[in-house]
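The next block holds one structure in the form of structure tokens; read it before the comments.
The values are calculated or read from the model by the stated rules, or taken from the named source; none is laboratory data. Please read all numbers here as calculations on a predicted model, not as lab measurements. Quick reminder, even Gly has a Cβ in these numbers, built from the backbone with ideal geometry, and neighbours come from all protein chains shown. Just the protein is used for accessible areas: all its heavy atoms, side chains included, with ligands, DNA and RNA removed. Shrake-Rupley method; radii C 1.70, N 1.55, O 1.52, S 1.80 Å.
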Amino acid sequence: MKLVFATHNQNKFKEVKVLLPPYIELVSLTDIGCHDEIPETGETLKENAQIKSDFVTTNYGLPCFSDDTGLLVDALNGAPGVYSARYAGEHKNADANMNKILSELENKTSRSARFETVIALNLKEENIHFTGVAEGKITKSKSGQKGFGYDPIFQPKGYDKTFAELPLEVKNEISHRGKAIKQLIAYLHKLPSK
């Protein structure tokens, strides 16, 4: 089965590809010749994920899934949330985003946060959604070279390392995206024809 993952982010694509069974041929937006930046105009993670999947299904006629992920920081009333990628501006700079959060939490005692990923799958005229959550906290400084986005400042619950310090196989086991992808895979496994 050929399945489009509606992303241009190669780090994200690699993370997901290693989780999928071999009978699924995963392709990215670049692989199908889509170089558009699909506007994320939704007010929720679910809406944004659905917008991206619908764009591919409508314009390319292919089965597709997309995700939208937000970092929700309790002391910031759930911000940056749906604006996580562009929290420090439209240029979507990960370092600037992390610096802004670290600065905003400087005098806060609570550093609890969670990552949430929503996946929207468009398959055989159905829209199915999967959600994964990873609880944790924001560290006081960046640490680690692996991962991407907010990984260097997010320490998952039960671990003394950030996502950016953990090996990919460990991160995939406990991360928000990993949990949502596992639900997606379980759903695909139940399909009558592979």
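Miscellaneous remarks
- Amide N of the stretch 2-24 lying under 19 Å from the label point, which is placed 7 angstrom from the Cα of ASP95 along Cα→Cβ: 11
- Å² per residue, accessible surface of the stretch 15-76 at 1.4 Å: 46 Å²
- Potential lengthening between LYS146 and VAL18 on full extension [0.36 nm per residue; Cα-Cα distance subtracted]: 44.5 nm
- Count Lys and Arg as plus one, Asp and Glu as minus one, and take only other residues whose Cβ is under 12 Å from that of GLU165; the net charge is then +2.
- Cα convex hull of the stretch 141-190, projected area averaged across orientations, nm²: 3.7 nm²
- Rounded to the nearest 20, the size of the Cβ-charge dipole of the chain about its Cα centre is 600 debye, with Lys and Arg at +1 and Asp and Glu at -1.
- Semi-axes of the equivalent ellipsoid for the stretch 22-92, Cα gyration tensor, largest first, Å: 27, 13, 11
- Table column - 3J(HN,Hα) (Hz), the stretch 51-60, Karplus curve with 6.51, -1.76, 1.60, x for Gly and Pro: 4, 5, 5, 4, 4, 5, 4, 5, 8, 10
- Normalised contact order of the stretch 1-157, rounded percent, pairs of Cα under 8 Å and 6 or more residues apart: 20 percent
- Highest-first packing order for the peptide set 155-166, 102-113 is 155-166, 102-113, based on the mean count of other beta carbon atoms within 10 Å.
- Ligands, DNA and RNA left out, the 1.4 Å accessible surface of the chain is 50% carbon and sulfur atoms.
- Between LYS157 and ILE128, the modelled labels are 2.7 nm apart [label points 7 Å from Cα along Cα→Cβ].
- Sequence-distant residues sharing a close amide H with CYS64 (under 5 Å, placed H): VAL4, ASN122
- Förster-model FRET efficiency, 45 Å R0, THR58 and LYS108, C-beta, rounded to 0.05: 0.55
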